[in-house]
Every structure is written in structure tokens, then in C-alpha cells.
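Just below is one structure, and these are the notes that go with it.
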Amino acid sequence: MEKLGIAIVGYGGMGTYHASTLIPEEYFDLKGIWDIAKKQRALAEENDLHVFESFEAVLEDKSVEAILIATPNDSHKAIAIQALEAGKHVICEKPVMLSTEELDEVLAVAEKADRIFMVHQNRRWDPDFLVIKELMHNHQIGEIFQIESRVHGANGIPGDWRHVKAQGGGMILDWGVHLLDQIHTLVDSPIKTMRADLSFVLGNEVDDGFTVTLIHENGLKSVVEVGTTNYVKLPRWYVKGTEGTAIIEDWDLSGTMIVATGDSTATPQPIQAGVGLTKTMAPPSEEATEELALPTPHMMNESFYFNFYRTVREGAEPIVKNEEVRYVMQLMERIFEEADVIQ
Ligand code: NAD
């Protein structure tokens, strides 16, 4: 297996993560890193990594066949174009760019240079997402007609550049891009209607959260929500099917699934609810439902990194396709244009 020489540009939070993941991989040879911050370069040296003298030095190094971009969102485009024009393949962090126009420019350069450009939409490999994917296929809760996907935190917007609009800050571009990408790969049906609201309650110039509701042409409804002001979280996934409901509480895959037994003789008994009585909202009788364990997810056959390697070396099909990335970029632009604002 001929190793692929790769360099990381941007050795911050995600760059250090990529380095620690790439080093043990037998099919990559991490040639070093470049970061504009002296402190991060010093950290890389402490971690026994080669530190290039400049970005130009990375580009000039013939042993570097690919570049992994892990810099703030507004810098992806320029770095990608320079890398592609220098003949390097590129892995780019999400969100790929700040607009479809920027993305198209980069894709045109990649095509002209005949180089691979692939976006790190790593959350397609998340086990919780793969459980939902499994439920879509195994019909354990019947036909799925509603998917609610949320990530909630209470720490506000983290870091520095994530607060700055010009740098591609805000939660649509940070977490939204992951969750919308997951929905796009789960639901094989175009979007019929879209409703969105963006939260600015923390007073930043960028959104600190949002709710997006999509109705797909096949009738499925998906709700995607990100919050940074949620001191009590809602479940990571809440999914309704014609025969049951599934909840995944968190990334640890805690959760449950209640499915209908099909026993039509079992009717619910009315219950006292507040100051009234209800049969509609009474729990189903014990015979009418059963609790099942969530299915075991089918893990992906290959990692993102290995798929990139094979795409470069063997012409394999990329798992993260640029047309999918472009679709989500367009959707995010539409959300920015049409969303209501909550302040
Ligand atoms: P960060 O601020 O922790 O790190 C960014 C680093 O890039 C810093 O060290 C900074 O000095 C350096 N940098 C800035 N401009 C540069 C340039 N022109 N050339 C070289 N270095 C430069 O940010 P982060 O959290 O690591 O995010 C970086 C990217 O990774 C973003 O695009 C972000 O959205 C993405 N990210 C992806 C995931 C994921 O799960 N896929 C998770 C976190 C971040």
C-alpha cells in the first residue's frame, strides 16, 4: 500500500484531532503541519511533528500529495485553490465554504487541476446517525414520517472566530451543516417546503441556534435544531414511524423504542390529566405496545480517511460527494435568506 503524503493546514482544535487520527493510519504519511499562529506551531513541535516554514513551503514540497484544511471557515477557499493549483489533493473541513458561488469556484479549479477535493462530513459515520439510518431501512417502527434531530448545549458560541460573521461563524455553518447533511443523506426526497428561525438571543452578530423544519416531497417531515442556550437538552433524535416511536437521548446511544403490537382489542383507559379526563392522551394499554432495544447500527465499511485515500489512489467513489455538499450549501444559503429572526 503506497502511503499518501499529507500535510495539515491549521493546527487548532480540529487540526490536532486530525493529526492524532492520521498518524496511526498505515496508508497516510503525515509530512507535517502549517499554522499561522506561532503558539500552534510550537505545540506541533512539542508533539514531534514537522512544522513547515510557510504555506508556500508546504505547496513546494513534492512529497506532500494532499492537504487537509482545518482553518477557520472563511479561509478554506483561498487555501483550497492554492493547494489544488499546486497539484495537491484536498480534504476540506466543513462547512466547505461560505457560499455555493465560492464552492463552484473551488470545484472548477479541482476539475481543471484533476485533483480530488473532499469535504470532511464526518458525522455520517456517527453511530447515533447510523441507528436512524438502520431504522429507515428495517421498518421496525414502520414507515418513518417524522425525524427530529437536535443538538443542544448551554455554553453559548465557543471560541473566537465562530462569533464573527465574516469568518463564517454561527451555528448554521458550525453544527447545522452536519445535521442538514445527515438529513439529506437519510431522506431520499427533495424538499417541498422549508421554514426556519435563527436565534440571536445571546446578542452576537451570528446565529446562536436555529430550528429548521423541512417537508419533503414524499411527505416526510424533518426538524433540525441546534441550541447553545439549552440548560435542559431535548433528545438527540426523536423519530416517529407508522408503527412506533424511537428516541436516542445522546451520543452514547441511550434511548428506547416503543412499537405497536398490533393488538386491536387493547384499548386505552381514560386517565385524569390536570383538571380533566383524557382517553386520547392516555398511555396505550400494556398489550398494545412493547419496548424494544434500538437496532445495532451497521458501521461504515471504511473510514472517511481510507475512502479519501482510495479515491486518490484507486479512483474509488467518494462517500462524501461534492454534489451532496453543494445541495446542503444551497440549503444553508436559503435558510439565511428566508429565516425568521428571534432576538
Ligand atoms: P481553531 O480556531 O481551534 O483552529 C484553527 C487554526 O487555524 C488555528 O490554530 C489558527 O491559528 C489556524 N489558522 C487560521 N488561519 C490560518 C491560515 N490562513 N493558515 C494556516 N493556519 C491558519 O478552529 P477549529 O475548531 O479547529 O476549526 C477549524 C475548522 O474545522 C473549521 O472549519 C471548523 O468548522 C472545522 N471543524 C470541524 C469539526 C468536525 O467535526 N468536522 C469539528 C470542529 C471544527
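Averaged over its residues, segment 219-272 has an accessible area of 53 Å² per residue, based on protein heavy atoms and a 1.4 Å probe. Accessible surface calculations at 1.4 Å, restricted to protein heavy atoms, place segment 17-81 at 52 Å² per residue.
Spin-label pair Leu253-Phe200: with each label point 7 Å from Cα along the Cα-Cβ axis, the two points sit 4.2 nm from one another. The label-point distance for Lys321 and His50, in a model that sets each label 7 Å from Cα toward Cβ, rounds to 3.7 nm.
Go through Lys221/Lys321; Lys192/Lys233; Lys3/Lys77; Lys31/Lys62; Lys62/Lys321 and tell me which ones have a Cα-Cα distance over 22 Å in this structure.
Distance filter (> 22 Å) returns Lys221/Lys321; Lys192/Lys233; Lys3/Lys77; Lys62/Lys321.
Surface composition of segment 198-343: carbon plus sulfur atoms contribute 51% of the solvent-accessible area (1.4 Å probe, protein chains only, all chains present). The heavy atoms of Trp175 present about 50 square angstrom of accessible area, all protein chains included, probe 1.4 Å. Summed over qualifying helices (DSSP H, 4 residues or more, each -39500 (n - 2.57)) and divided by its residue number, the chain shows a 222 nm mean residue ellipticity of -8500 deg cm²/dmol. Rg over Rh for segment 199-240 works out to 1.07, using Cα positions for both radii and the Kirkwood form for Rh. Ordered by solvent-accessible area of protein heavy atoms (1.4 Å probe), largest first, the residues Ile79, Ile69 come out as Ile79, Ile69. Cross-link partners for Lys88 among the aspartates and glutamates, with Cα-Cα distance under 17 Å and sequence neighbours closer than 8 places in the same chain left out: Glu2, Asp29, Glu56, Glu60, Asp61, Glu65, Glu105, Glu111, Asp114, Glu314.
For the chain, the dipole from Cβ point charges (+1 on Lys and Arg, -1 on Asp and Glu) about the Cα centre works out to 280 debye, to the nearest 20.
You can think of it this way: the chain between Ser75 and Glu101 has 7.9 nm of extra reach, that is 0.36 nm per residue less the Cα-Cα gap.
Fully extending the segment from Leu277 to Asp340, taken as 0.36 nm per residue of separation minus the present Cα-Cα distance, adds 18.9 nm. The relative contact order of the chain comes to 17 percent, based on Cα pairs under 8 Å that sit 6 or more residues apart.
Assuming charge only on the beta carbon of Lys and Arg (+1) and of Asp and Glu (-1), the dipole of segment 1-160 about its Cα centre is about 220 debye to the nearest 20.
The values are calculated or read from the model by the stated rules, or taken from the named source; none is laboratory data. These figures come from a predicted structure and were not determined experimentally. Cβ coordinates were reconstructed from backbone atoms using ideal geometry, including for glycine residues, and neighbour counts include every protein chain displayed. In case anyone asks, the SASA skips ligands and DNA or RNA and just uses the protein heavy atoms, side chains included. Shrake-Rupley method; radii C 1.70, N 1.55, O 1.52, S 1.80 Å.
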